[in-house]
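Pasting a structure below so you can have a look.
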Amino acid sequence: MGSGTNPYILFLILILLIMGFDQDGGKKLEVMRNVMDRMASAMNNFKTGMSSLAVDFEEIHLLMKDIR
């Protein structure tokens, strides 16, 4: 193997070979894909929520600044 070989590609090839011998490999792969999709969606929702919260705190900060 050359020094430019990506270990993640090798890991993916290994997983695909192992799943090729498993009769329920398709189902398991689908479940894993669904989990990854939901996780990505949850992280995007979390990021959006935190951004909104930061804007709200900035507004509160400006309002408190005006009170002084």
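The values are calculated or read from the model by the stated rules, or taken from the named source; none is laboratory data. In this text the structure is predicted, and so the values were computed from the model without any measurement. Neighbour counts run over all protein chains shown; Cβ positions are idealised from the backbone, glycine included. Accessible surface is based on the protein model in full, side chains and every heavy atom, while ligands, DNA and RNA are left aside. Shrake-Rupley method; radii C 1.70, N 1.55, O 1.52, S 1.80 Å.
Within the group MET64, MET32, MET39, which residue is loosely packed, with under 10 Cβ neighbours inside 10 Å and part of a helix (DSSP H, G or I)?
Values: MET32 fails: loosely packed, with under 10 Cβ neighbours inside 10 Å; MET39 fails: loosely packed, with under 10 Cβ neighbours inside 10 Å.
The unique qualifying residue is MET64.
I would also like to ask the following. Does ASN45 qualify as being of a type in the set (S, T, N, Q) and surrounded by fewer than 10 Cβ atoms within 10 Å (Cβ to Cβ)?
Details: of a type in the set (S, T, N, Q): yes; surrounded by fewer than 10 Cβ atoms within 10 Å (Cβ to Cβ): no.
For ASN45, the condition - of a type in the set (S, T, N, Q) and surrounded by fewer than 10 Cβ atoms within 10 Å (Cβ to Cβ) - is not met.
Test each condition in (1) open to solvent by less than 70 Å² (accessible area, probe 1.4 Å); (2) among the small types (Gly, Ala, Ser); (3) outside any helix (DSSP H, G or I) for GLY4 and report the one that comes out false.
Answer for GLY4: the failing condition is (1).
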